Amino acid sequence: MAKIKKLTKGQVRRIKANHDKKLHSKADKIQWQDDQLGEPQTGIVISRFGQHADVESDDGNCYRCNLRRSIKSLVCGDKVLWRLGKETQHSIKGVIEAVHERTSMLSRPDVYDGVKPIAANISQILIVSSILPVFNADIIDRYLVAAEQTGITPVIVLNKIDLLNETIKKTTQDEIEQQLQIYRDIDYEIIYASNKTQEGINTLRHQLSSHTSIFVGQSGVGKSTLVNSLMPELGLVTKIVSENSGLGQHTTTVARLFHFKEGGDLIDSPGIREFGLWHLTPEQVCQGFIEFNEFLGYCKFRDCKHQKDPGCALIAAAENNGIHPNRLASFQRILASLGENTLTSRFND
Ligand SMILES: Nc1nc2c(ncn2[C@@H]2O[C@H](COP(=O)(O)OP(=O)(O)O)[C@@H](O)[C@H]2O)c(=O)[nH]1
Ligand SMILES: [Mg+2]
Ligand SMILES: [Zn+2]
């Protein structure tokens, strides 16, 4: 017979805490009977927290729902089948019965679970860069790699273009334009914008209108300002949500879906805005430089690191205009940096 291990004090404490939580959380205990529920209808998950989710119905109203136990994973952006309860119980208005298949999934590395899903059905990642803080192609390349990894289309935004022709040296401007042309040549879309002059804001609006988008980019490039000018009510909504949910600050770190007035949706949270700085493997980096693809597999050595390796097909391609040398250099820097910093995720924006 197997020996039964004695529980540690910590384990006993955690079990008791879980048990007490179950006893005291009435909302978690609501089990709906079939005759207490309306017909199944479609909806979209605006936000998920703990055992609940806010679901928006097709007519645009929002309902806090419980989840059927059979639902293994549910995140912001999920399309669901749900049923409205005939009565509201402990502020829970209905129950989510099933989740539709996802077209895409955004995840982040998690210390406990390996990867943690954070949002579903995103169709577009806007990578925001700017003139100041100084334009940084390495960071854009990292975001591009991360975007390619999810299969979600990236679009590059150059923000603060009001600063061009002003404080910025002509040579720097030429360098930025040259780098953007490299992205254009490999078929990435570029949008120029300024919050200050509102240049490009309508183009951006149009780009957002038929998508579910996220904004990512380094701190200070103007993401918050951009989102606020595209969605003036956002700041207010976030505040009301965190006050009314009774969950306080917690909800502000949870991904949430918002609608643009002119069409299209935004999924946002501080964690999402830093997507792309999260850990990448060398293989992912390689695949994320999409124009390298046709040259991969032709290096002389199978374990080629594409750094200074003899017979490297990528280096040869860079010398023969098959790959832009800037992109190869950026790729090499990213690969070299991977070992230095394994846990790059930060959530305190
Ligand atoms: N000149 C100029 N400054 C901007 C523009 N957009 C944002 N800023 C400024 O850049 C700073 C950082 O903006 P913020 O939106 O907080 O950046 P975030 O960290 O990416 O969210 C703020 O001082 C903004 O006022 C712009 O289009 N032009
Ligand atoms: Mg910000
Ligand atoms: Zn190589």
What is the angle, in °, between the Cα long axis of helix 9-24 and the longest principal axis of the Cα atoms in the chain? Nearest 10 is fine, range 0 to 90. 60 degrees
Under the rule of -39500 (n - 2.57) per DSSP H run of 4 or more residues, summed and divided by the residues of the chain, what mean residue ellipticity at 222 nm is obtained, to the nearest 500 deg cm²/dmol? -9000 deg cm²/dmol
ILE15 accessible area, 1.4 Å probe, all protein chains in place, Å² to nearest 10: 100 Å²
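Considering only DSSP beta bridges with both partners in the range 27-99, what is the antiparallel share in %, to the nearest 5? List each step's numbers first, then the result.
Values: 22 of 25 bridges.
The antiparallel fraction comes to roughly 90 percent.
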GNM, the chain, Cα, under 10 Å: largest mean-square fluctuation among LYS160, LYS305, LYS93? LYS305
Surface accessible to a 1.4 Å probe, per residue, for the residues of the range 282-338, Å²: 58 Å²
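Compute the normalised compactness of the chain: alpha-carbon radius of gyration over 2.2 N^0.38 Å, N being the residue count.
In units of the 2.2 N^0.38 Å rule of thumb, it is 1.17.
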Would you kindly state the longest site-free stretch of the chain, with sites defined as GluC sites (Glu not before Pro) in a DSSP loop (not H, G, I, E, B) surrounded by at most 15 other Cβ atoms within 10 Å? 1-100
Spit out the partnerless Cys residues in the chain, using Cβ distances under 4.7 Å as the pairing rule. CYS62, CYS65, CYS76, CYS286, CYS312
Gaussian network model of the chain, springs between alpha carbon atoms under 10 Å - residue of LEU74, LEU266, LEU234 with greatest fluctuation: LEU234
Taking springs between alpha-carbon atoms closer than 10 angstrom, which of CYS304, CYS65, CYS286 fluctuates most in the Gaussian network model of the chain? CYS304
Row for the range 27-99, column shape: gyration tensor on C-alpha, a ≥ b ≥ c, rounded if a/c < 1.5 i.e. under 1.5, prolate if a/b over b/c, else oblate; value rounded
Given a Förster distance of 41 Å, report the FRET efficiency between LYS86 and GLU262 from their Cβ-Cβ distance, rounded to the nearest 0.05. 0.65
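Can you give the FRET efficiency to the nearest 0.05 for LYS308 and ASP185, using r as the Cβ-Cβ distance and R₀ = 22 Å?
0.30
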Rounded to 5, percent antiparallel among DSSP beta bridges of the chain: 60 percent
What do you reckon, how do TYR63, TYR143, TYR298, TYR112 stack up by accessible area (1.4 Å probe), largest on top? TYR112, TYR298, TYR63, TYR143
Probe radius 1.4 Å, ligands and nucleic acids ignored: give me the carbon and sulfur share of the accessible area of the chain as a rounded percent. 52 percent
Scalar couplings 3J(HN,Hα) for the range 308-319 by Karplus 6.51 cos²θ - 1.76 cosθ + 1.60 (θ = phi - 60°), nearest whole Hz, x for Gly and Pro, are 10, 4, x, x, 6, 5, 6, 4, 4, 5, 5, 7
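Per residue, how many Å² of accessible area does the range 119-161 show with a 1.4 Å probe? Present the calculation step by step, with values, prior to reporting the outcome.
Values: 990 Å² over 43 residues.
So the range 119-161 comes to 23 Å² accessible per residue, rounded to a whole number.
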For the range 255-270, what does the Karplus curve 6.51 cos²θ - 1.76 cosθ + 1.60, with θ = phi - 60°, yield as ³J(HN,Hα) per residue in whole Hz, taken in order and with x for Gly and Pro? 4, 9, 9, 10, 9, 7, 4, 8, x, x, 10, 10, 10, 9, 5, x
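On average, how much accessible surface per residue is there in the range 27-99, in Å², for a 1.4 Å probe, leaving out ligands, DNA and RNA?
On the way: 3720 Å² over 73 residues.
Roughly 51 Å² per residue, with all protein chains present.
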What distance in nm separates the simple spin-label points at ASN326 and ILE15, each placed 7 Å from Cα in the Cβ direction? 6.1 nm
Sorting LEU132, SER194, TYR63 by the position of each Cα along the dipole of the chain (Lys, Arg +1; Asp, Glu -1; all at Cβ), the one nearest the positive end of that ordering is TYR63
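The values are calculated or read from the model by the stated rules, or taken from the named source; none is laboratory data. Since the structure is predicted, the reported quantities are computational estimates derived from the model, not experimental observations. Backbone-built Cβ (ideal geometry, glycine too); neighbour counts: all protein chains shown. These area figures cover heavy atoms from the full protein model, side chains too; ligands, DNA and RNA do not enter into them. Shrake-Rupley method; radii C 1.70, N 1.55, O 1.52, S 1.80 Å.
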